[in-house]
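Enquirer: Sharing a structure here in structure tokens format.
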Amino acid sequence: MRRAYQSRPRLGLTPSERPGKLYTLNRTILVPRYVYFSLLKVGVMMNSGTLFTARRPSRRTFLAGSASLLVSTSLFSQGNQTVHPDPGAPRGKRRDLLTTAYSLAKLKSALLPIESYRPFPRLRDREGWSALRPETRTRLLAQGEQFLGFHWPEMPATVFLEYARVGNRSDYEAIRNQRMTALQALAFAECVEAKGRFVDDIVNGLWATCEESFWGVPAHLYIQKADLGLPDPRDPIVDLFAAQTSALVASVVYLLGDALDQVNPLVRQRCVFEAERRILQPCLAQNFMWMGLPGGKPRHDLPWLVDPVNGEVQPVNNWDAWICWNWLTTILFLDSDSARRTQGVQKVMLCLDKFINTYPDDGGCEEGPGYWSVATGAMFEALELLRSSTGGMVDIYSHPLLLQMALYMPRTQIAGDFYINQGDASSIVHPDPDRLFRMGKRLRSADIVSYAIATISPDYVPSTLPSLFDEVELLKTPPTPPPIFRDTWLPETRIMAARKQAGSTTGLYLACIASDNGKSHSHNDTGSFWVYSNGLPMLIDLGQESYQKKSFDAHRYEIPTTQSSWHNLPTIGETRPGKPATQTGPASGQITPGNGIDEGVGPQFRATDVVYHADDEIAELSMELREAFPASARVKSWRRYVRLIRAASRVEIGDNYSLLQSLPVTLNLI
């Protein structure tokens, strides 16, 4: 639901009559405590009265409030962004926690050979599988039985081509996901029962997977030299899902072992061969753009950054950690070449360092809490594999950044399943309780453990090898009150959040982002805010629509939900609802319907002069948004503040702006 409020400065003279005149308008929005959005009709419903009470404070009032904020003793102010030496991590800093602490010689001496590495019970290890909860064993058997005699669906070239032709990625991915689900369910069921009933179907699944032309998805073929269309087997590339498929194949081979040889020895050999040519060899032979290393073919939606020593690289995002986790699984379970095995693990550590380097000291995930499980969570799984495969030698959990990265989740939780959802992230998130639980234990954090226990849903089902063998301890851990922070301020990620009191979701909740518009999975949302009441949404961020071809190409910002006019932000100039938006390019900013001007696209469009303050009475954040707009918006200054007044149960949003010419201003509210 979108609501727009338009204001026009009432001025006696036009710009042509008074050249250089600054036009100024102040607006403060008061959000009452009880407001309810109706999703059934275009409009806003509340108990009584009008939704917003608008007032026009005098410039003296606004400046007095700003002055009191600036002299606050608990102030944090951040201006220009700091430049860090790792070009693949423009928002973080070079730490290189893994490669600095663990040399190749140390790694070589500690890395377990493939025949000695046993992190999870295998099919022959009956004691481990028998120790699973009876309910889990029954459920795994039932899931596997659904796929007995399964017909592995074909993956036609024309379905693969749908993405290049019409932008449809769902049809092919649905076929792929069905095959992956079946293979995992059959493998787990056989490990539970151990009677050979599922083995033939597992072999069919492994063989069908080996026959696939590409283990990834059509949407990611831009990485290959031939670009979108059909996969070129002469140019093996590694994307998120190729690595994920490889990890599943490797895990099934690890679990069943010689039970596959009883069907035919070529099954295991074929799996190793395919993993070598699709994952192990390409990842060592070349640098892909997700590694943060020079030499890869770029993504269309991410900028090139200059490395003065090695050339150009792209900023690292969650692809790095997600792929490293699955790539490392493939190495440890399938690669018997000891030299290549060590080289592979060493490069994984290099790439993981690049991912960790991208994080600021406050631990903020720039892609939002909806991506945490496949960002920080994936990094954690990779670190656990490194630790177990080196007999505990590789261990960086004592570094304070790791705890901050874990705390990001409870810090961005609004209430229940609602989270602060900047960028593509959804407002409704279902965290992985097992991953959080194990990370909390490893970090010795009672807050993370209690938060993990609180996120367990009534229908929780473990779905990974670590979660299967951790379930008993997870479910027997007594719940304790999870952290519900009164105030959150991530000074480098530039997200604030505040509620009336700690430990309770009762009352008003306010959050705001004051960053820039060049993040991974970014929307033009700098300065936008969230307001919830008693844990329910009032003013929100819509998040992302279903991913489509435009989502990750040069036309990304034609999608309405990526534009600032579809956030709680102003549009400058005339607007005509109902017309499609157009994109003029990152340098010029996003042009909205009717020639109205939105915030621009790219890291140069940002909030500046960011000031935060919180005490027992209020929490507030102020910022200058002039640089968030392109020059064509004619903004001299746009000072926004958001404020929660705890005792009064009131949220205030104030805009004090000056334009270089008389233009209408539309305040968009979602």
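Enquirer: Residue by residue through region 241-259, note down the ones that are farther than 22 Å from Gln178 by Cα and in a helix (DSSP H, G or I). Show your work before the answer.
Expert: The initial filter retains those residues of region 241-259 that are farther than 22 Å from Gln178 by Cα, namely 257-259.
Listed by number, the residues that qualify are Asp258, Ala259.
Enquirer: Okay, next question. Hey, does region 360-377 have a residue that's assigned to a helix (DSSP H, G or I), open to solvent by less than 10 Å² (accessible area, probe 1.4 Å) and either more than 28 Å from Cys512 (Cα to Cα) or among the β-branched types (Val, Ile, Thr) (or both)?
Expert: Yes: region 360-377 contains one or more residues that are assigned to a helix (DSSP H, G or I), open to solvent by less than 10 Å² (accessible area, probe 1.4 Å) and either more than 28 Å from Cys512 (Cα to Cα) or among the β-branched types (Val, Ile, Thr) (or both).
Enquirer: With region 446-507 as the region, which helices (runs of 4 or more DSSP H) entirely inside it contain at least 2 residues that are without any contact (Cβ under 8 Å) to a residue 60 or more places away in the chain, more than 23 Å from Asn421 (Cβ to Cβ) and open to solvent by 40 Å² or more (accessible area, probe 1.4 Å)? Step through it out loud before you land on a result.
Expert: On the way: elements: 446-454, 465-468, 471-476.
Where helices (runs of 4 or more DSSP H) fall fully within region 446-507 and carry at least 2 residues being without any contact (Cβ under 8 Å) to a residue 60 or more places away in the chain, more than 23 Å from Asn421 (Cβ to Cβ) and open to solvent by 40 Å² or more (accessible area, probe 1.4 Å), they are 471-476.
Residue by residue, here is whether (1) under 31 Å from the mean Cα position of the chain (by Cα); (2) surrounded by fewer than 24 Cβ atoms within 10 Å (Cβ to Cβ); (3) of a type in the set (Asp, Glu) holds:
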| residue | (1), (2), (3) |
| --- | --- |
| Leu183 | yes, no, no |
| Val192 | no, yes, no |
| Gly196 | no, yes, no |
| Ile202 | no, no, no |
| Val217 | yes, yes, no |
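Enquirer: Might you let me know whether region 299-320 holds any residue that is in a helix (DSSP H, G or I), touching a residue at least 40 places away in the same chain (Cβ under 8 Å) and closer than 28 Å to Met180 by Cα?
Expert: yes
Enquirer: For region 161-188, which residues satisfy the criterion of being over 24 Å from Gln269 (Cβ atoms) and in contact with a Leu (Cβ under 6 Å, 6 or more places away or on another chain)?
Expert: Ala164
Enquirer: Taking into account only those residues within region 114-136 that are within 34 Å of the chain's Cα centre (by Cα), of a type outside the set (D, E, K, R) and not in a helix (DSSP H, G or I), which is farthest from Ala339 (Cα to Cα)?
Expert: Result: Leu132.
Enquirer: Does Ile414 qualify as being over 14 Å from Trp372 (Cβ atoms) and surrounded by fewer than 22 Cβ atoms within 10 Å (Cβ to Cβ)?
Expert: On the way: over 14 Å from Trp372 (Cβ atoms): yes; surrounded by fewer than 22 Cβ atoms within 10 Å (Cβ to Cβ): no.
Against the criterion (over 14 Å from Trp372 (Cβ atoms) and surrounded by fewer than 22 Cβ atoms within 10 Å (Cβ to Cβ)), Ile414 does not qualify.
Enquirer: So if I check each of Ala446, Ala415, which one is touching a Ser or Thr at 6+ places or on another chain (Cβ under 6 Å) and modelled with pLDDT of 95 or more?
Expert: Ala415
Enquirer: Out of the residues in region 222-233 that are closer than 17 Å to Arg277 by Cα and at pLDDT 95 or above, which is surrounded by the most Cβ atoms within 10 Å (Cβ to Cβ)?
Expert: The selected residue is Pro231.
Enquirer: Considering only residues that are closer than 17 Å to Glu162 by Cβ and either without any contact (Cβ under 8 Å) to a residue 24 or more places away in the chain or not in a loop (DSSP other than H, G, I, E, B) (or both), which ones fall in region 227-240?
Expert: Residue satisfying the conditions is Asp227 alone.
Enquirer: Within the group Leu475, Leu490, Leu465, which residue is at pLDDT 95 or above and in contact with a Gly (Cβ under 7 Å, 6 or more places away or on another chain)? So that I can check it myself, show each step before the final result.
Expert: Details: Leu475 fails: in contact with a Gly (Cβ under 7 Å, 6 or more places away or on another chain); Leu465 fails: in contact with a Gly (Cβ under 7 Å, 6 or more places away or on another chain).
Leu490 is the lone residue from the list that is at pLDDT 95 or above and in contact with a Gly (Cβ under 7 Å, 6 or more places away or on another chain).
Enquirer: Hey, another quick one. Restricting region 166-214 to residues that are touching a residue at least 24 places away in the same chain (Cβ under 8 Å), of a type in the set (Asp, Glu) and part of a helix (DSSP H, G or I), which is farthest from Arg556 (Cα to Cα)?
Expert: Ranking the qualifying residues of region 166-214, first place goes to Glu193.
Enquirer: Okay, next question. Could you grab me the full set of residues in region 481-516 that are under 17 Å from Ile540 (Cα atoms) and basic (Lys, Arg)?
Expert: Arg499
Enquirer: For the subset of region 539-553 comprising residues that are under 14 Å from Ile420 (Cβ atoms) and open to solvent by less than 30 Å² (accessible area, probe 1.4 Å), which member is farthest from the chain's Cα centre (by Cα)?
Expert: Among them, the one singled out is Leu539.
Enquirer: Go through region 461-492 and count every residue that is small (Gly, Ala, Ser) and touching a Phe, Trp or Tyr at 6+ places or on another chain (Cβ under 6 Å).
Expert: Total meeting the criteria: 0.
Enquirer: Restricting to region 204-215, and then to whatever is open to solvent by 10 Å² or more (accessible area, probe 1.4 Å) and farther than 17 Å from Gly149 by Cα, can you tell me which residue is nearest to the chain's Cα centre (by Cα)?
Expert: Applying the filter and picking the extreme gives Phe214.
Enquirer: Can you name the number of the only condition in (1) open to solvent by less than 20 Å² (accessible area, probe 1.4 Å); (2) on the phi < 0 side of the Ramachandran plot that Gly602 fails?
Expert: Unmet condition: (2).
Enquirer: Right, next: Applying the selection to region 400-411, what residues are open to solvent by 10 Å² or more (accessible area, probe 1.4 Å) and touching a helix residue (DSSP H, G or I) at 6+ places or on another chain (Cβ under 6 Å)?
Expert: Result: Leu403, single match.
Enquirer: Tally up the residues in region 368-421 that are in contact with a strand residue (DSSP E or B) (Cβ under 9 Å, 6 or more places away or on another chain) and among the hydroxyl-bearing types (Ser, Thr, Tyr), please.
Expert: 3
Enquirer: So, one more: Every residue in region 378-391 that is among the hydrophobic types (A, V, I, L, M, F, W, C) and either part of a loop (DSSP other than H, G, I, E, B) or out of contact with any helix residue (DSSP H, G or I) (no Cβ under 6 Å at 6 or more places or on another chain) (or both), please. Working first, answer last.
Expert: Start the filter on region 378-391 by keeping residues that are among the hydrophobic types (A, V, I, L, M, F, W, C), which leaves 378-380, 382-383, 385-386.
If the condition is that a residue be among the hydrophobic types (A, V, I, L, M, F, W, C) and either part of a loop (DSSP other than H, G, I, E, B) or out of contact with any helix residue (DSSP H, G or I) (no Cβ under 6 Å at 6 or more places or on another chain) (or both), then Leu383, Leu386 are the ones that fit.
Enquirer: Out of region 262-275, which residues are in contact (Cβ under 8 Å) with a residue 24 or more places away in the chain and either touching a His at 6+ places or on another chain (Cβ under 8 Å) or surrounded by 14 or more Cβ atoms within 10 Å (Cβ to Cβ) (or both)?
Expert: Val263, Val267, Arg270, Cys271, Val272, Glu274, Ala275
Enquirer: Whether any residue in region 419-431 is of a type in the set (A, V, I, L, M, F, W, C), part of a helix (DSSP H, G or I) and in contact with a Ser or Thr (Cβ under 6 Å, 6 or more places away or on another chain) is what I want to check.
Expert: For region 419-431, residues of a type in the set (A, V, I, L, M, F, W, C), part of a helix (DSSP H, G or I) and in contact with a Ser or Thr (Cβ under 6 Å, 6 or more places away or on another chain): absent.
Enquirer: Does Gly144 fit the bill of being more than 18 Å from Val267 (Cβ to Cβ), open to solvent by less than 10 Å² (accessible area, probe 1.4 Å) and not aliphatic (A, V, I, L, M)?
Expert: The answer is yes for Gly144.
Enquirer: Which residue is nearest to Lys549 (Cα to Cα), if the candidates are limited to region 147-165 and must be free of Cβ contacts under 8 Å to residues at least 40 places away in the same chain and surrounded by fewer than 15 Cβ atoms within 10 Å (Cβ to Cβ)? I'd like the intermediate steps shown before the answer.
Expert: In the first step, residues of region 147-165 are kept if they are free of Cβ contacts under 8 Å to residues at least 40 places away in the same chain; the result is 151, 153-154, 156, 158-159, 165.
Those still in the list that are surrounded by fewer than 15 Cβ atoms within 10 Å (Cβ to Cβ) too: 151, 153-154, 156, 158, 165.
Working: His151: 30, Pro153: 24, Glu154: 23, Pro156: 19, Thr158: 16, Arg165: 10 Å.
Only one residue tops the list, namely Arg165.
Enquirer: I need the full set of residues from region 634-654 which are under 28 Å from Glu574 (Cβ atoms) and open to solvent by 10 Å² or more (accessible area, probe 1.4 Å), in order please.
Expert: Answer for region 634-654, where residues must be under 28 Å from Glu574 (Cβ atoms) and open to solvent by 10 Å² or more (accessible area, probe 1.4 Å): Arg634, Val635, Lys636, Ser637, Arg639, Tyr641.
Enquirer: Right, here's the next one. When you scan region 119-141, how many residues do you find that are over 18 Å from Ser467 (Cβ atoms) and surrounded by fewer than 17 Cβ atoms within 10 Å (Cβ to Cβ)?
Expert: Adding up the residues that qualify gives 3.
Enquirer: Looking at (1) open to solvent by 50 Å² or more (accessible area, probe 1.4 Å); (2) in contact with a Phe, Trp or Tyr (Cβ under 9 Å, 6 or more places away or on another chain); (3) at pLDDT below 95, find the lone condition where Ala631 falls short.
Expert: Just one mismatch for Ala631, condition (2).
The values are calculated or read from the model by the stated rules, or taken from the named source; none is laboratory data. Since the model is a prediction, treat every value here as computed from it, not as a measurement. Heads up, the Cβs are rebuilt from the backbone with ideal geometry, glycines too, and the neighbour counts pull from every protein chain shown. All accessible areas refer to the heavy atoms of the entire protein, side chains included, with ligands and DNA or RNA removed. Shrake-Rupley method; radii C 1.70, N 1.55, O 1.52, S 1.80 Å.
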